[in-house]
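For reference, the structure discussed in these notes is given below.
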Amino acid sequence: MTPIEEAFARCAAEKRSAFVPFIMAGDPDLATTPRLLEALVAGGADIIELGVPFSDPIADGPVNQRAATRALAAGTHLGEILRMVARHRDRLDVPIVLFTYFNPIHALGIRRFAEQAAASGLDGVLCVDLPPEEAEAEYLPVMREHGLDTIFLLAPTSTKDRVKRVAQVTTGFAYYVSRTGVTGEQETLPSELRKTVKRLRRRLPVPLVVGFGVSSREQVVEIGKAAQGVVVGSALVRLIEEEGRARDLPAKLEAAVRKLTGQPKGSEVGAQ
Amino acid sequence: MKGKYAWPDERGYFGEYGGCFVPETLMAPLAELSRAYDQVTKHRTFKRRLSDLLSSYAGRPTPLYYAERLTQRLGGAQIYLKREDLLHTGAHKINNAIGQSLLAHFMGKERIIAETGAGQHGVATATAAALLGMKCTIYMGTEDMRRQRLNVDRMRLLGAEVAGVDAGSCTLKDAINEALRDWVTNVRTTHYVLGSVLGPDPYPRMVRDFHRVIGDEARVQLKKETGRATPDLAVACVGGGSNAIGLFTAFLGDPVRLIGVEAGGTGSDLGHHAARFAGGSLGVLHGTRTMVLQDQDGQIANTHSVSAGLDYPAIGPEHVLLRELGRIEYFAICDAEAISAFHFLAETEGILPALESSHALAEVFKRAPNMNKKMVILVNLSGRGDKDVESVIAYDAEHADEIDREAELSIHPAMRKWSAPTTSEES
């Protein structure tokens, strides 16, 4: 079993969905990121999605755009992120998946990227603007060769044929974008979501994780009844934006994650 | 090249360039758009309506004008201007804006959106939206809104909402980001009228096809005027590259030298120009694999050009293939040269050219004197310069002590960075 499979198996045994928080690497700076990752683990993360900042994030809303801008201004780039993950991998006992746009990978070279990503201990990669059609020639075989999971997106606009196509290439899990749109918090969730999730799960060989717009414990619970995993991104990124300079940022992030996972308050990390 | 050239392939690739690099949300809608484009545009009703609108509404065919005074002044090849500036709304952009908006109308979309740099594509799209009774939002970088204020007002008067984009360099690239975000969100009701031969398939081929009327007309007109359908040299400016593809497509199979002109800005350092072939590398931006100005980590660079319509870090993928095949050559013209060309055409021919088109003119002004008087140059005057009057006056005021226009055309210091003055290779 891969670490991602283990994480889902453990959640299934505990009769709950996996909690998958997202933060942007390098926001507020890359030196702080490892402490924030530890806070996510301490708060109850089952799998972490780590964002790679890109100058032109067409699938992201304003909150994640600003996070990318801050990270780039702090000098963050893909190579540094992979080295950071490698240095801290041992202390982070959950699978980590990179959430990125394709151009930084293209610039590094797909093969070099796969080598460095595998060596750093990353578990998988979700490349938002690389659909299966464009991944098949080089990206998929190289990633497989290096033992990295390739996670693909599904959307409300995905046709039956597209779901089939994604089902053939997505490994680890599939990520359902719960509404058409960019990343960001939503107050209400689409009503047909549960039905759609059930339908998609029947067609997928791997667990289905739902994201884009989830921001409260109630939503996490609600979606968790249907999906095997729930992603919370912008709500945490917003906290980092607001508290980025606070010395107790990791403790605050951990508390926010605890609220979302419904875990009782344990020992605080990094508060003092 | 006639007969053999049939790009893009079924995956939307021009050789190794192009493709469809977009989030999953857009994949099915793009496939639907491809199908609709292939079916609807073959339909007689669509063809007739488009052709009617282009002639009775937009003003096609546009004249081919022999610029006699200009030719005499430069003392070399005969210069013909394809007057796309005389189209309704003042630039070639209306060909594609009407084509795509009509397609969206046939597809049952109720809203169209677009990005704009110089504002010409935004004005053209807002115009088409008003004409067809559709809702319209135009995304425009705040820096471009400042330097193309007239066009912002025009779009608003046409009933469009103009959404300022205050991110990145606040220019065309950032406007495309925001338009794509809108489209990802509203794709069921909305068509995105992308304004150049850029973006994911089917845009590069669709926009090309809607503009190829430029070159097709020019052939017929040139034949009537000169007795031969082909010039010796055809020149057009290249931002994304739509007016250039529109002109060049008709001549790909002929022995015509084709030159695309990029924006050389103020110098060759990254961030100071928009010359993708001079300073770019292969990358993936806005859904397509093409030449991109970027840093070594794959972050897209900011660009600079005095012309908002050329101020963009990527070039249409078909241009990359045509350059690789040796069919089109590309050169860069700096801000100062383009401004000089603007003045030169205004004063010799009574035509204010768009600053985008002024880049193509500057290249022609460098080459024409070294060419034989029997030779013919065809240049695409892609837009009119009314929108640039403020920019040109501001530029001139800022550079008042450096201006020596006659000299600038051949020996401006900024020019040497990009291309040595041409020799008489063509005569």
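At a probe size of 1.4 Å, how large is the accessible area of B:LEU157, to the nearest 10 Å²?
Spelled out: B:LEU157, probe radius 1.4 Å, area about 150 Å².
Just to verify a number: FRET efficiency for B:ALA163 and B:ALA229, C-beta to C-beta distance, R0 = 56 Å, to 0.05?
E between B:ALA163 and B:ALA229, to the nearest 0.05, is 0.80.
State the antiparallel share, in %, of DSSP beta bridges confined to segment B:252-343, rounding to the nearest 5.
55 percent
Using the Cα centre as the reference, give the magnitude of the dipole from point charges on the C-beta atoms of chain B (Lys, Arg: +1; Asp, Glu: -1; all else neutral), rounded to the nearest 20 debye.
1920 debye
Specify the inter-centroid distance of segment B:146-168 and segment A:220-236, based on alpha-carbon positions, in whole Å.
Computed from Cα coordinates, the inter-centre distance equals 39 Å.
Please give the FRET efficiency for B:GLU324 paired with B:ASP254, using the beta carbon to beta carbon distance and R0 = 22 Å, rounded to the nearest 0.05.
Given R0 = 22 Å and the Cβ-Cβ separation, E is 0.70.
As a check on your grasp of the helix formula, calculate [θ] at 222 nm for chain B: sum -39500 (n - 2.57) over DSSP H runs of n ≥ 4, divide by the residue count, round to the nearest 500.
-12500 deg cm²/dmol
Report, ordered by chain and residue number, the aspartates and glutamates lying within cross-link reach of B:LYS224, taken as a straight Cα distance under 18 Å and ignoring same-chain residues fewer than 8 apart.
The qualifying aspartates and glutamates are B:GLU68, B:ASP216, B:ASP232, B:ASP254.
Just give the residues from segment A:87-126 buried by at least 40 square angstrom of accessible area in the all-chains context relative to the isolated chain, probe 1.4 Å, and say none if nothing qualifies.
So the qualifying set is A:ASN103, A:HIS106, A:ALA107.
Too long at a 24 Å Cα-Cα cut-off: which of B:LYS4/B:LYS173; B:LYS82/B:LYS387; B:LYS82/B:LYS366; B:LYS173/B:LYS366; B:LYS82/B:LYS374?
Among B:LYS4/B:LYS173; B:LYS82/B:LYS387; B:LYS82/B:LYS366; B:LYS173/B:LYS366; B:LYS82/B:LYS374, the Cα-Cα distance tops 24 Å for B:LYS4/B:LYS173; B:LYS173/B:LYS366.
Quick one: Cα centre-to-centre distance for segment A:124-163 and segment B:320-366, in angstrom?
Result: 43 Å between the Cα centres.
Taking Cα pairs under 8 Å and at least six residues apart, what relative contact order does chain A come out at, in percent?
For chain A, the relative contact order is 23 percent.
Using only protein heavy atoms and a 1.4 Å probe, how much accessible area in total is buried between A and B, to the nearest 100 Å²?
2800 Å²
Describe numerically, in nm with one decimal, the distance between label points set 7 Å from Cα along Cα→Cβ at A:ARG202 and at B:SER55.
Going by the 7 Å Cα→Cβ label model, 5.5 nm.
Between segment A:1-69 and segment B:254-293, what's the alpha-carbon centroid distance in Å?
Comparing the Cα centres of segment A:1-69 and segment B:254-293, I get a distance of 36 Å.
What range in chain A is the longest one free of GluC sites (Glu not before Pro) that are in a loop by DSSP and have at most 13 other Cβ atoms within 10 angstrom?
Answer - A:15-135.
Relative contact order for chain B: what percent, with Cα pairs under 8 Å and sequence separation of 6 or more?
This gives 19 percent for chain B.
For chain A, just list the percent of Cα-Cα distances falling in each 10 Å bin from zero outward, please.
7, 32, 40, 19, 2, 0
Could you check what % of the DSSP bridge pairs in chain B are antiparallel, to the nearest 5?
Percentage antiparallel, nearest 5: 30.
Tell me the label-point distance for the pair A:ALA9, A:HIS146, using the 7 Å Cα-to-Cβ offset, in nm and rounded to one decimal.
2.6 nm
Ignoring ligands, DNA and RNA, what percent of the 1.4 Å accessible area of segment B:202-254 is carbon and sulfur?
Ligands and nucleic acids excluded, carbon and sulfur reach 45 percent.
With a 1.4 Å probe and every protein chain left in place, work out the accessible area per residue of the protein assembly as shown in Å², rounded to a whole number.
With all protein chains present, the protein assembly as shown gives 37 Å² per residue.
Rounded to the nearest 500, what is the 222 nm mean residue ellipticity of chain A from helices alone, with -39500 (n - 2.57) per DSSP H run of 4+ residues and division by all residues?
Value at 222 nm, helices only, nearest 500: -13500 deg cm²/dmol.
Below 17 Å, Cα to Cα, which lysines can A:LYS225 reach? Residues fewer than 8 away in the same chain don't count.
Qualifying lysines at Cα under 17 Å: A:LYS15, A:LYS195, A:LYS198.
The values are calculated or read from the model by the stated rules, or taken from the named source; none is laboratory data. Since the structure is predicted, the reported quantities are computational estimates derived from the model, not experimental observations. Here Cβ is always computed from backbone atoms with ideal geometry, including for glycine, and neighbour counts include all displayed protein chains. Ligands, DNA and RNA are excluded from the accessible area calculation, which covers all protein heavy atoms including side chains. Shrake-Rupley method; radii C 1.70, N 1.55, O 1.52, S 1.80 Å.
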